[in-house]
1. Apply 1/(1 + (r/R0)^6) to the Cβ-Cβ distance of residue 296 and residue 219, taking R0 = 45 Å, and write down the FRET efficiency to the nearest 0.05.
2. No solvent, one uniform scatterer per C-alpha: report log10 I(q)/I(0) for segment 171-312 via the Debye equation at q = 0.12, 0.14, 0.17, 0.22 1/Å, two decimals.
3. Quote the FRET efficiency, to the nearest 0.05, computed for residue 146 versus residue 6 with a Förster distance R0 of 56 Å and r equal to the Cβ-Cβ distance.
4. Report the equivalent ellipsoid semi-axes for segment 9-123 in whole Å, largest first, defined as the square roots of five times the eigenvalues of the gyration tensor built from alpha carbon atoms.
5. By how many degrees, 0 to 90 and rounded to 10, does the Cα axis of helix 325-335 deviate from the longest principal axis of the chain?
6. Stretched out fully, how many nm does the piece from residue 316 to residue 372 gain, at 0.36 nm a residue minus the Cα gap?
7. Do the sum for the chain: with -39,500 (n - 2.57) for every DSSP H run of n ≥ 4, divided by all residues, what is the mean residue ellipticity at 222 nm, to the nearest 500 deg cm²/dmol?
8. Rounded to the nearest 5, what is the percent of antiparallel bridges among the DSSP beta bridges in the chain?
């Protein structure tokens, strides 16, 4: 039994379910019927003498070990994305090192990897009116794109805060992305990250109206045949994603980034399906891999039976303010034994309340996510004790 705080601040008794095993899960080859990436978190070095404003101190051994865990289950790794606290504790210098190390590890184990390229090494300008020029933004993107591609990894063109602040309309996005797609050595993934994940990206693709923005996004894809492997859509709107994927050119994938509706989007319908590039598949990797292999075998019912019970946990982790979902992801990695501490770069372990973290533990325990439920319970009790709950 463990006493957990609820949202009202009261303590209540919780008896762990005690069923483990999913968190270890059967390892296996990559799924065949869907392409599946897990956006992976970074493990901080808890002994580093740094500050929230200072450069990120990363425990490289633990960080790379977690990526080997993802590859062992047959998932691809989406590296240096927002799940890795890109722009929320991890700067470009740290991200570039992460990309180089992870790409080398991917080559060594035969794992699939795609890495984020953006413009986050540009100096902050403060006011949008004082933004960078389109030429400077394009050059910054190009520098990061080159860094990714020279490692042999696939590039993910991330949404740019600098471009959102500078662009005057859709034509500026078309100009910048057109230049980048012409430069890319191999097909890339375009990422549309909604403002719920990063408020600085409001109005991306040149309009606050999502229908107008979608038209621009699709024009960019259609204007560069063979240059776009797929698009990652993180808007938490299943209907909009389905409508968008039905308008994609032949051969262009839709990678769902919808951490609320992923089972139905990955399953798809008679007119198509989404592949996956999801932050929530960081903690759910064994279950996600198991589910998609069931889909490979023609078992859509088994796929949903495995994955649907994970949705309440995902919705809890990604509740508003959504951008702090990383805190719950790292908590679960610690409770599951993938790292030895609950410390995050930038001190982001403080970004969620104790009741929120307690509920994440309860939901994860309820679906049998932890390989060792007793370890998870002991570590949760340690966290509670630090907060004065005995």
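1. Working from the Cβ atoms, E equals 0.85.
2. Log10 of I(q)/I(0), two decimals: -0.51, -0.69, -0.96, -1.38.
3. The value I calculate is 0.65.
4. Result for segment 9-123: semi-axes of 26, 24, 13 Å.
5. So the helix axis and the longest Cα principal axis differ by about 40 degrees.
6. The residue 316-residue 372 span can extend by a further 18.0 nm.
7. -12500 deg cm²/dmol
8. 20 percent
Throughout, read-outs are computed from the coordinates displayed, never taken from laboratory work. Note that the structure is predicted; figures quoted are calculated from it, not measured. Here Cβ is always computed from backbone atoms with ideal geometry, including for glycine, and neighbour counts include all displayed protein chains.
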